[in-house]
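Scroll down for the structure; my scribbles are underneath it.
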């Protein structure tokens, strides 16, 4: 497999060459499975990179009413924004890939003399009466039973179980988390009735279709699941997949997607493709093996030292499907009236042409305008 062809094909599938039309926003949100959202702004910036004239208020409204999207703990246990139509498979599959986490929380609570079932029922009763409550309100009501880290662990445990769901927020960077009951906010999702293995199989196939070619290490990292289970699931999907050697490993794709890759042609005399991708975007985070788009020499430009930053990819600048540098976004004043998008580093040995330098500056300006004209107003309290 030709590396350059794979890079451009991945950009094509990610809507990073030709952006989706504005009215395709909802379909794109669903097709991309989940938008990484450990930072509140990431989903909005991820969509800006993929949707023409993206209007961030669409996503903000969908996260509030009519609740077409929600922020949940998914995959590696971190926060993602997902379309509600993906919720069933994510919750069903999580009964498998989050089972060890749930079991560990139950053991932890048990050692502290706390009965997880009793606490769960207590929380359910409280929210049934109030519809939704802030973390502070819940903590106050449960203070006689749960204090400190036990309270935090309990909320996380109930999120992993699909009992609690994060509800409305007042502005896009609102750090006040409100919880409601999953079966009240999304009554169409009956978690107990979902076949978890079937849901996991569907989720994995969706992942392979959207991010393939992928290898076993990538799949194990993305969910996460151990490699034994990952191989078992891949074997079950064998008739729908094709395997080939790439990057010194076995990679696999969905068969129709593989045929599209083979037929994919790079346009002659194509203008260089420049992309500004936000912190922890779901595309680069979908892979454990990243050397095909992030070289060892460039890696320090988008990674930070320290255990706390391990695995994190900071805002990145891409040239033709490969990371070449980093950018950042900062407030220009204490009043937080506007933000500045700055290029903080470009790999110095690239000797970029004047054309590419101008394209990078054009993208920087476009992003900065979007942030100040569309995002900043939605960040006001």
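The values are calculated or read from the model by the stated rules, or taken from the named source; none is laboratory data. Note that the structure is predicted; figures quoted are calculated from it, not measured. Quick reminder, even Gly has a Cβ in these numbers, built from the backbone with ideal geometry, and neighbours come from all protein chains shown.
Restricting the range 32-86 to residues that are free of Cβ contacts under 8 Å to residues at least 60 places away in the same chain and more than 16 Å from the chain's Cα centre (by Cα), the residue that is surrounded by the fewest Cβ atoms within 10 Å (Cβ to Cβ) is 66.
Set side by side, the residues 217, 245 differ, and just one is surrounded by fewer than 17 Cβ atoms within 10 Å (Cβ to Cβ) and under 21 Å from residue 280 (Cα atoms), which is 217. Looking at the structure I just gave you, is residue 235 part of a helix (DSSP H, G or I), in the same structural domain as residue 74 (by TED's automatic domain parsing), without any contact (Cβ under 8 Å) to a residue 24 or more places away in the chain and surrounded by fewer than 20 Cβ atoms within 10 Å (Cβ to Cβ)? In short, no. On the given criteria, is residue 302 within 21 Å of the chain's Cα centre (by Cα) and more than 30 Å from residue 230 (Cβ to Cβ)? Considered against the rule, which asks whether it is within 21 Å of the chain's Cα centre (by Cα) and more than 30 Å from residue 230 (Cβ to Cβ), residue 302 comes out as no.
Residues in the range 261-286 that are surrounded by fewer than 14 Cβ atoms within 10 Å (Cβ to Cβ) and outside any loop (DSSP other than H, G, I, E, B): 262, 263.
Scan the range 125-136 for residues that are surrounded by 16 or more Cβ atoms within 10 Å (Cβ to Cβ) and more than 26 Å from the chain's Cα centre (by Cα) and the total you get is 2. Checking the range 89-96 against the condition returns no match, with no residue being under 18 Å from residue 374 (Cα atoms) and crowded, with 22+ Cβ neighbours inside 10 Å. Residue under question is residue 59, and the condition is that it be outside any helix (DSSP H, G or I) and either in contact with a strand residue (DSSP E or B) (Cβ under 9 Å, 6 or more places away or on another chain) or under 30 Å from residue 251 (Cα atoms) (or both); does it hold? Answer is no for this residue.
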